[in-house]
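Okay, structure first, notes after.
Read-outs throughout are calculated quantities, based only on the coordinates presented, and are distinct from any laboratory measurement. This is a predicted model, so every value here is computed, not measured. Virtual Cβ from ideal backbone geometry, glycine too; neighbours counted across all protein chains shown.
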Number of protein chains: 4
Amino acid sequence: MGSTFGHLFRIHTFGESHGGAVGVVVDGCPPRIPVVVEDIQRELDRRKPGQSAIVTQRKESDTVRILSGVENGLSLGTPIAMLVANEDQRSRDYDAMREKYRPSHADYTYDAKYGIRAVAGGGRASARETVGRVAAGALAKRVLGDLWGVEIVGYVLKVHDLWAEVDPETVTLEQVESNIVRCPDGPVAEAMIARIEEVRKAGDSIGGIVGCAARGCLPGWGEPVFDKLEADLGKALLSLPACKGVEIGSGFGGTDLTGSQHNDAFFPGDQPRPARTRTNLSGGIQGGISNGETIVLRAAFKPTATIMREQETVTTRFEPTTIQGRGRHDPCVLPRAVPMVEAMVALTLVDHALRHRALTGR
Amino acid sequence: MGSTFGHLFRIHTFGESHGGAVGVVVDGCPPRIPVVVEDIQRELDRRKPGQSAIVTQRKESDTVRILSGVENGLSLGTPIAMLVANEDQRSRDYDAMREKYRPSHADYTYDAKYGIRAVAGGGRASARETVGRVAAGALAKRVLGDLWGVEIVGYVLKVHDLWAEVDPETVTLEQVESNIVRCPDGPVAEAMIARIEEVRKAGDSIGGIVGCAARGCLPGWGEPVFDKLEADLGKALLSLPACKGVEIGSGFGGTDLTGSQHNDAFFPGDQPRPARTRTNLSGGIQGGISNGETIVLRAAFKPTATIMREQETVTTRFEPTTIQGRGRHDPCVLPRAVPMVEAMVALTLVDHALRHRALTGR
Amino acid sequence: MGSTFGHLFRIHTFGESHGGAVGVVVDGCPPRIPVVVEDIQRELDRRKPGQSAIVTQRKESDTVRILSGVENGLSLGTPIAMLVANEDQRSRDYDAMREKYRPSHADYTYDAKYGIRAVAGGGRASARETVGRVAAGALAKRVLGDLWGVEIVGYVLKVHDLWAEVDPETVTLEQVESNIVRCPDGPVAEAMIARIEEVRKAGDSIGGIVGCAARGCLPGWGEPVFDKLEADLGKALLSLPACKGVEIGSGFGGTDLTGSQHNDAFFPGDQPRPARTRTNLSGGIQGGISNGETIVLRAAFKPTATIMREQETVTTRFEPTTIQGRGRHDPCVLPRAVPMVEAMVALTLVDHALRHRALTGR
Amino acid sequence: MGSTFGHLFRIHTFGESHGGAVGVVVDGCPPRIPVVVEDIQRELDRRKPGQSAIVTQRKESDTVRILSGVENGLSLGTPIAMLVANEDQRSRDYDAMREKYRPSHADYTYDAKYGIRAVAGGGRASARETVGRVAAGALAKRVLGDLWGVEIVGYVLKVHDLWAEVDPETVTLEQVESNIVRCPDGPVAEAMIARIEEVRKAGDSIGGIVGCAARGCLPGWGEPVFDKLEADLGKALLSLPACKGVEIGSGFGGTDLTGSQHNDAFFPGDQPRPARTRTNLSGGIQGGISNGETIVLRAAFKPTATIMREQETVTTRFEPTTIQGRGRHDPCVLPRAVPMVEAMVALTLVDHALRHRALTGR
C-alpha cells in the first residue's frame, strides 16, 4: 500500500534487495516526451554501489531495461515499466540477521508489522529500493525541463560536523559531480572524504545533510492546506531511507529571527514572474504555493545503522544477545543520497505542475 | 484538490477566514466510537483566537456543530460533518490587502495560482483553516485512545531563541496547559511570555519550535517506502501554516553523531512490545514503521508574516509600494500551534493504525 | 471512506436523512467559474420530494446554502461547501424500522457492517443522500458547459413495461421537463403517469430505465485500462440508490449483433472532431476514451423497496415477523432519478476532462 | 493514470501488446499468504490465446515470472511484481493500422488523446493488457478463499442469440471448464461453439454475456454512497475490453417487476449470516453492501471489432478509405473473458473485504 507516490505523475516501485529485480512503473507521464535510456542510466550510475572508494563496495551494474510505455524513443502516455536485475548477492553475509535484530534497522519493525521478512540485504527496507525512485526521477526531470525549464541540483551540505558553503542560486551539476562526495565546496569536500575514510576504518558510520535547489519553477505550483508544496516535498524526502529531518527555506534556523528580519520583500519582476523577492527565506514557497523563486530544501540523514562494532540487541525470540555488522555497507550514505533527493524533488514538482495544469490549463 | 488528508480515516476541510463557515467532513471514523461534543470543543478552545493576552485578540467563539454521522452520542461509521460559523469579521482591516501583496504571505501565490483570491482575512490561507483539522483531530485522538491506548502531548519547545527542557516520555497535558504559552518548563515559559509581549509591543513577530510526543503506539504502524510514518507525519506537520521544518527523533542534530553513538540498542520487553530500546534516537520509528517506543517530533514555525512595520512590496499590478500590517494578529503562533500539531499527529497515526488493521486484522 | 467521488473534481458528501443537514464539499472546481445559486437550486428542485403528484409527498424546501469557496459569484478554486437543512422529519413513521428489517432495504446490511444504524428515514442509505450529488453536479455541468460546451440531458426511457422512443442526439431539457414523469415521448409519458398512479393506489411500486445523452464531449477523455470512461460512468450510475444495471451505447442489446453490424464506420469530420462515425453503437466511447460522438447511457432502477403491503421479514434479533411499509415514499423513483443521473454523468465527465487537461494541456 | 485498481489491495498493470513485456505490481497483499506460481499460471492459461480452436491462434506461452514480494512461497506484504514476456509478434500484420483507423477500435481515440500510439497489436488497448489483471486476480482469489472462504465462478451465459441456463448457486468451475466455450449448459455450449466457428468462417464476429457468481461473501462488504459494491463491481467489469453493460441481481429485467414481486423476503439464518433471503433478486447486495447471499452479476461484451470484411473508415490524415482486418483475432471474446471477469470480481471483493476489516477489525 505504501509503494505509490504522486497523484497525476504516479510511480509504483517494487523489489527486495536480494529478489529477482527492483523496478518501477511510472503512470501518467505526458505523451511524446523523449525517453532516453542513457539519461536514466546516468542517474542510476550516480546512485549505484561501488561507484567510488567511499561508498559500499557491493558491485551491481544496475542496468535499466524499459519494458513498456515507450516507442521510437517517445513516451506513449501509458505506463512506463523499468526494471533493474539484482546481481551481486552474497546472502551468507546476512545469516546473522536471520536470528538477530540489527539495532536501528527495520528488521524488528518489519517482523512486528508483517510476521515475515525478507532477511537478505534488508529486503524492501534496503536502500536498493531507491533504484525505482531514481529511474522515475530521471523521467520527471526530463518532463520538468522540457515543459517548464526547471532545473534541479542536489549537493552534500554537511558530513558529520563538516559544513560546506553552497549557493543554491548558482550551484551546478558539474560542481557537484567534480568530486566523489558530491559537495561543490572543494576544500570542504576533501575534508569530508577524509572523514568518511577515517570513520570507515574505525568500523563506524556518519550522516549529514543534503541540500537541494529547484530553479525555474513557475509561480502557482502546490495546493492549499494539506498538499502544500512544503508538505509534499517534506514527505518525499522523509520517505528516503535514513532521512530524519527536512526543512524548507530558513527552516529551523528561521526561528531565531523576527518577522521583520524574516519577511521577503517584494519588488517588480517580469513575466512569468511578475513579483520577485529581495531575499528568499521562504525557500521559494509561500502559503504552500511556489512563488517563482528558487525552491531550497535540506534533508538530514542519520549515520548508517550498519556498523562493524559489537552492539547489544535481541534475537528474534527476544532473548538478549550481541551483534556485529558484516557485509559491505556505506560508511556514509550522503554521496549516494544526492541523486535520490533530486529524484524525489523532481517527482513532487512534476506532479504538482500537472495538477496545476489540470486546474488552470497552464 | 489539496483539502483532503488520510486514506482510511479521511478528512476534508473547507472554509475561508471570512466566509460563511469553516468546517470538516470526517469519513472513515470507525462505528460506535463515543463522539463527545465537549471533547471537540475543548480542543477548539485551545486553538481559538482571543484565548489569552499573547495571541490575536480577534474574538470568535468557535462553537462547533455536528451535522451528521452521529446518533445518541456514537459514531455511525458514516461521514461526520462539523461546522464552525465565522463571526468577528472586520473586513475593513483588509482593504489594503486588496491592492497590495503582503510580504511572505500567500496573497501573491494565490493570485498567481488561481487568478482570484478571497481578500479578507487571507481566505483559505488563514490559520482559521485549521479549525477543521483540530475538530477532526479530537475525534482521531478519541479513536486512538479508545482502541489502542495512544496518548498525544504537544508542547512549545522554543520561542525565538529561548529553549525549554521537556522530557517527551513524561510530559503531561496538565503541565502544558499550566501556562498560556503552552511550555511545560515553567521558568522558560515565563521568559517566553515576556518575549512575546515585548515583540508585540515592537510591532514585530517571532517563531519557534513545537515538540510532540505520541506514547503507546503499537509496533508495526507505517508502510514501507513512500508512506513511512516519518514521511506522513512530516507531511502532516509541514502542511500547517508557517511550518518550515520537521524532524523526527534525533533529526538534524543526529548528523553530528556516529552510528555507534546513534544506534538504539535493543533489550527484551513484554508484549505487545517484546523488544525495547535503551535510547530513542530513532524517535519511535525505524524503517518507517513504529517500534513501540514514544514517537518524538519537532516542527519549526517561522515568525508570523504580519508585522506592524512598513515593508517594501508590490501592488497587484506589480508596481513598487510599501505596506504596513493592520488588523489583529498573533505576534507568535506557537501557543495556538500546539493543538494543531497534536491534531495532525493524531490524524496521521489513526490512519496508519487503520491501514495496519486492514493488512493484519489487528 | 465511500463518500468521495472523483480525482481532480472531487466531491465529498455527508448527511443522514433525518440528521441536522445533508451537503457536499466540492474540491477541485477550477477558479473563476460563475457559481450561481439559482442554477444549483433549479437542479435540487428537480430532485426534491413533493414536486408532483407521482413522487413522495414528503415536504422539504431543500434550499441550498453556499458556505465557502465562492466570492462575488465566482469560484475561488478552494473547496465549495454546500448545505441543505433537513426539515420535514416525521420520525415516528419509522418506529417499526427500529425493530424489523425492511426487505430489500439497507437496514440489515448497515447493521451487519457497522453494528449501528441511523434508523429514521434510512439514514445515509436514504435517497436524500443524493442532494449533495445533485448540487455538485450542477457545478460540474456549469464547468463542462463553460469550458468545453458540453450539454447533458437525462430522460425517462422506460417505466415498468412502458418504453418511450427518445433520440439522444436531439432530445432537449425542455422536452424532458414538459411533463412530471420526465419522459420526452408525450403519449408514453401519459401512460407512464397513469401507471405510476395505479401502482401507488395498489400500495405497490415499480422501476424503470433512465437514459442520458452527453453531447459535445471532445475526443480524448477517459483513461485506458481501469479508468475507462465506460467504467467510471458505470460506477457513477451504479452508485445511485436502486440502480442495478448500466449500459453504454448498444449495451446488452449489442450482443445480438455481429461485428459487421455493430462496428461504427468512420468518415471525415471537422476539427475538433476530425473523424466522425456513421452509426454510434459505441455510445461515444471507444477503447474507454471519448470519440467526440454523443455519449449514450442507460441505467436500470429497481422498483422502490418500500411498499404498503405486508411482507415476510425478521426482527433485529433475527426472529421471523412481518412488516408493512409506512411513511411517504416514491411509488416510482424514475422522475426524480433523472437529475441524479445527469449529475453523476456530469461529475464523471468533468473529472476526466480535467485529467485530460493535466496530461495534454488541452 | 488509469492503470491502478483498488484502494487497499491495489494493482498497477503495464505493458503494450507488442512491447517487451506485460505485467502487474500488486501492492497491499496481506502477508503470509501462500503464493503458488501454478495457481497463477492456471488462470493465465485460461486467458491465453491459442488455447482452443475458437479463439485467436496467436501463440504466446504467457509464462509468468514473480519478481518480488514473495519468499519461500509466502507473501511478504510488500509489492508482488509479476511479468509475462511478449513472444509471438507478427508486427507486419499491423502495417495497415499505421495509416488507417480500424472502426470501433481504440486507434483513433488513442491518437486523439495522446497524439501518439503503439501501432502493433493495439498497444495498451489490446486484450493482452488483461494478463496483469488475471495474474493479480489469481492472488485475490487465494486471499478471499484463505481468509474468508469465498468462491468465484464465471461462465458464458449467452453467445450471440444463444442463451444458456445456469444456476449461480450451484455452478462449478469443473462444469465451466468442461468445454472450450466455458458454458456450463452442455447442449447450448455445443451450439455456441458451432456458431462461433460459423461466424469465424464468414470473417465476422459475435459477442455475448458472461455471468459470474461470488459465493461465501460475508455480510457487510461495500461502502455506502459512491463505493457501493455494485458500483465498484460495475466499474471493474466495464473496464474490461469490449464490455458495454453490467447488471447485478435482477438488473435490467428487474424493471419489469413490481416491488411486491421484486423484494427479497428475509428469514432467520445462522451466524455469520443471521438473516437470509427467500429470493435473491438483489444479487447479494443491498444498499451497496453485501448481505451474505450469492453475488450475481452479468456483463455484456460487444462483438469483436476486428473482422475480415471491408469497412469504410478514414486514414490518420482523415481522408476516406476502406480497411479489412488482418492478423489473428478472436471471432468471439467470451471464452477468454470468463477468467477476466472472475479476476475483476475477485479484485473488487478482496479490496472491500480489507476495507471492511480496517473499519471493524473483522
Check your understanding: Of the residues D:250, D:282, D:104, which exhibits the maximal mean-square fluctuation in a Gaussian network model of chain D defined by a 10 Å Cα contact cut-off?
Key -> D:104
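Give the dimensionless ratio obtained when the Cα radius of gyration of region D:154-286 is divided by 2.2 N^0.38 Å.
Numbers: Rg = 17.2 Å, N = 133, 2.2 N^0.38 = 14.1 Å.
That ratio works out to 1.22.
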**Study point:** Mean-position separation - Cα centroids, region A:139-201 and region C:132-211, in angstrom
**Key:** 65 Å
Point to revise | Computed log₁₀ I(q)/I(0) - Debye formula, equal Cα scatterers, no solvent, region B:213-345, q 0.09, 0.18, 0.20, 0.21 Å⁻¹ | key: -0.40, -1.02, -1.17, -1.24
Review point. When Rg is the radius of gyration of the Cα atoms in region B:17-132 and Rh is its Kirkwood radius, what does Rg/Rh come to?
Key: 1.05
Practice item. Any chance you could tell me what percent of the C-alpha pair distances in the protein assembly as shown go past 48 Å? Key: 33 percent
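Based only on other Cβ atoms within 10 Å, what is the fewest-to-most ordering of A:308, C:82, C:97? Don't jump to the answer; show the numbers that get you there.
On the way: A:308 18, C:82 29, C:97 22.
Fewest-to-most ranking of A:308, C:82, C:97: A:308, C:97, C:82.
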Practice item. Taking the rotation that carries A onto C, look along its axis and tell me which residue of A has the beta carbon nearest to it, distance in whole angstrom. Key: A:358, 2
Review point. If the label for residue B:178 sits 7 angstrom from Cα along the Cα-to-Cβ line, what are its distances to the same label in every other copy, in nm to one decimal, shortest first?
Key: 5.6, 8.0, 8.1
Check your understanding: Based on the Cα gyration tensor of region D:307-354, what are the three equivalent ellipsoid semi-axes, each the root of five times an eigenvalue, rounded to whole Å and given largest first?
Key -> 38, 16, 6
Revision key, fill the gap. Shortest first and in nm, the label-point separations between residue B:310 and its counterparts in the other identical copies (7 Å out along Cα→Cβ) come to 7.2, 8.6, 9.0
Practice item. Kindly express, to the nearest 10 degrees and within the range 0 to 90, the angle between helix A:229-238's C-alpha long axis and the longest C-alpha principal axis of chain A. Key: 20 degrees
Check your understanding: At what distance in nm do the modelled label points of residue B:96 and residue A:165 sit from each other, each positioned 7 Å from its Cα along Cα→Cβ?
Key -> 3.8 nm
Review point. Counting other C-beta atoms within 10 Å, which of D:209, A:196, B:206, A:66 has the fewest, and how do the rest follow?
Key: A:66, D:209, A:196, B:206
**Study point:** Average other protein chain Cβ within 10 Å of Cβ, residues A:268-276
**Key:** 4
Study note, to complete from the structure: Taking only the Cα positions of chain C, the convex hull volume per residue in Å³ is 145 Å³
Check your understanding: Taking springs between alpha-carbon atoms closer than 10 angstrom, which of C:14, C:266, C:301 fluctuates most in the Gaussian network model of chain C?
Key -> C:266
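What average count of beta carbons from other chains do you get within 10 Å of the Cβ of residues in A:58-69?
3
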Practice item. Would you mind ranking A:270, C:111 by Cβ crowding within 10 Å, fewest neighbours first? Key: A:270, C:111
**Study point:** Average beta carbon contacts from partner chains per residue of D:208-219, 10 Å cutoff
**Key:** 1
**Study point:** Nearest-first distances (nm) between copies at residue A:272, label 7 Å from Cα via Cβ
**Key:** 2.0, 4.9, 5.3
Revision key, fill the gap. Contact order relative to length for chain A, counting C-alpha pairs under 8 Å separated by 6 or more residues, stands in percent at 22 percent
Check your understanding: Helix-derived [θ] at 222 nm for chain D: sum -39500 (n - 2.57) over DSSP H runs of at least 4, divide by residue count, nearest 500?
Key -> -9000 deg cm²/dmol
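Between residue D:201 and residue C:151, what FRET efficiency comes out of the Förster formula 1/(1 + (r/R0)^6) with R0 = 56 Å and r the beta carbon distance, rounded to 0.05?
0.80
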Exercise for review: Grab region A:4-360 and count how many Lys pairs have their alpha-carbon atoms under 24 Å apart, sequence gap of 8 or more, or different chains.
Suggested key: 25
Review point. Ranked highest first by average number of other Cβ atoms within 10 Å, how do C:48-59, C:182-193 line up?
Key: C:182-193, C:48-59
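Taking N as the number of residues in region A:178-221, what is its Cα Rg relative to 2.2 N^0.38 Å?
1.65
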Revision key, fill the gap. At the level of C-alpha centres, the distance separating region B:245-286 and region A:224-294, in angstrom, is 29 Å
